[in-house]
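Everything on this sheet refers to the single structure shown next.
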Amino acid sequence: NKKAFVELLFWKSPAAVYEMTKGYSSLQEGEGTTRSRVPPWSPQEEQELRELYWKYQEVEGGDVIAAILAHLPTPGRTRKQVVKQLVRM
């Protein structure tokens, strides 16, 4: 590729650099991504989150999200994931 030098003018991820040097489409699907995808919320998890929110929203002086995380049946959810899902719902 005679115009590859133009690509060097912009910031690249390690996956993009690998493709540039080894050939495009050299990465298999899902390879080279640095962040893993967040598992989607199931309808049961959304219902449980909704119930916990309504239960703990009236607690004064307390952290609603911390209370929800403490009682959420699915471990491994982060504070940011819970807040984002509550806003989305």
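The values are calculated or read from the model by the stated rules, or taken from the named source; none is laboratory data. Only a predicted model underlies this, so the values are computations on that prediction, with no experimental measurement involved. The area values use the complete protein model at the heavy-atom level, side chains included, leaving out ligands, DNA and RNA. Shrake-Rupley method; radii C 1.70, N 1.55, O 1.52, S 1.80 Å.
Values computed for the structure shown
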{"read-out": "T78, T21, ranked by accessible area, largest first (probe 1.4 Å)", "value": "T21, T78"}
{"read-out": "In order through the stretch 71-87: 3J(HN,Hα) via Karplus (6.51 cos²θ - 1.76 cosθ + 1.60), integer Hz, x for Gly, Pro", "value": "10, 6, x, 8, x, x, 7, 8, 4, 5, 5, 5, 4, 4, 5, 5, 5"}
{"read-out": "Normalised contact order of the stretch 41-88, rounded percent, pairs of Cα under 8 Å and 6 or more residues apart", "value": "35"}
{"read-out": "Calculated on alpha-carbon atoms, Rg and Dmax of the stretch 41-88 in Å", "value": "9.9, 30"}
{"read-out": "Lysines with Cα under 25 Å of K12, excluding same-chain neighbours fewer than 8 positions away", "value": "K2, K3, K22"}
{"read-out": "Accessible area of the stretch 41-88 belonging to carbon and sulfur atoms, whole % at 1.4 Å probe", "value": "55"}
{"read-out": "The stretch 41-88 - accessible surface per residue (Å², probe 1.4 Å)", "value": "71"}
